[in-house]
Amino acid sequence: MKSYTLKSIGKTSDYMTILREMEDGFVVKIVRDLDGYEDVKTDYISRELFDSCIRTGYLTEIKEKVVVSA
């Protein structure tokens, strides 16, 4: 599972982890830091939108392992 940081304002540590790859997109877990509270969501992102986010720098691959909360 690859993880990506999300471009954000300030020093938040928001990230997204790919849980499952599908033909037309990905099922992802998005973790956002909201003033010390973690907002965790599972969602779908199309392959086209994902590729666009990589190209524009909104998503950057994390080379280190991220612990994914259950």
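The values are calculated or read from the model by the stated rules, or taken from the named source; none is laboratory data. Because the structure is a prediction, the values reported are computed rather than measured. Heads up: the accessible areas ignore ligands, DNA and RNA and are worked out on the full protein's heavy atoms, side chains in. Shrake-Rupley method; radii C 1.70, N 1.55, O 1.52, S 1.80 Å.
With all protein chains in place and ligands, DNA and RNA left out, the 1.4 Å accessible area ranks ASP35, ASP43 as ASP35, ASP43, largest first. Counting protein heavy atoms only, the stretch 12-57 has 49 percent of its accessible area on carbon and sulfur, 1.4 angstrom probe. The mean of 1/r over all distinct Cα pairs in the stretch 1-64, once inverted, gives the Kirkwood hydrodynamic radius of 12.1 Å.
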